[in-house]
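Structure first, commentary second.
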Amino acid sequence: MKLKTRERGFLEVFTIQETGGRWEAAWDVLRGTLVGGLFSRVGQAELNHALNGWTHPLVAALGLSPEMALAKLPSQRCEKQSRCPLYDPRKCLLPSRKLPWCYEPAQLEELDATALTRAAEVVFLWRQQVYVVIVVQEG
């Protein structure tokens, strides 16, 4: 979703719901991982306030910017570099403007194939300046 804030202008936010300590099924594979630890966490009330025009609580609760989250990844290289026929050492780096669609972040040994695919989706969201936010259901 795109939110207009007084504090930072327009922000794009991708939300993942957390209920009872569990994330939405598709994203739960990243809970407790290095990548999941880089997501911002906000309460449902803060998101509701932002949707109604009072954005200060949400902006205050946002953690790392997408750029900083990318910088905290352990490697800028692609996980597939040794086995990909399309690998190009100039393009298959995180800062590349022509980063191929098949990019997967390297040095995340803790992740299985499904989680690595989700982590790659997150990387592409961050590259588009989208905040990935865990919305914690209160009560």
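The values are calculated or read from the model by the stated rules, or taken from the named source; none is laboratory data. No experiment lies behind these values; they were computed from the predicted model shown. Because the Cβ atoms are built from the backbone with ideal geometry, glycine has one as well, and the counts that use them run over all protein chains shown.
Sub-9 Å Cβ pairs linking a first residue in the stretch 41-55 that is touching a residue at least 24 places away in the same chain (Cβ under 8 Å) to a second residue that is of a type in the set (K, R), at least 6 apart or interchain, are T55/K4; T55/R6; T55/R8, ordered by first then second residue. Looking across the stretch 27-62, just one residue is polar (S, T, N, Q), within 21 Å of P74 (Cβ to Cβ) and either surrounded by fewer than 18 Cβ atoms within 10 Å (Cβ to Cβ) or more than 20 Å from the chain's Cα centre (by Cα) (or both), and that is T33.
Scan the stretch 70-106 residue by residue and report those that are among the aliphatic types (A, V, I, L, M) and either in a loop (DSSP other than H, G, I, E, B) or without any contact (Cβ under 8 Å) to a residue 24 or more places away in the chain (or both).
A71, L73, L86, L93, L94, L99, A106
The set of residues in the stretch 113-139 being part of a loop (DSSP other than H, G, I, E, B) and either modelled with pLDDT under 95 or surrounded by 16 or more Cβ atoms within 10 Å (Cβ to Cβ) (or both) consists of Q137, E138, G139.
Looking at E18, E7, just one residue is of a type in the set (D, E, K, R) and surrounded by fewer than 12 Cβ atoms within 10 Å (Cβ to Cβ), and that residue is E7.
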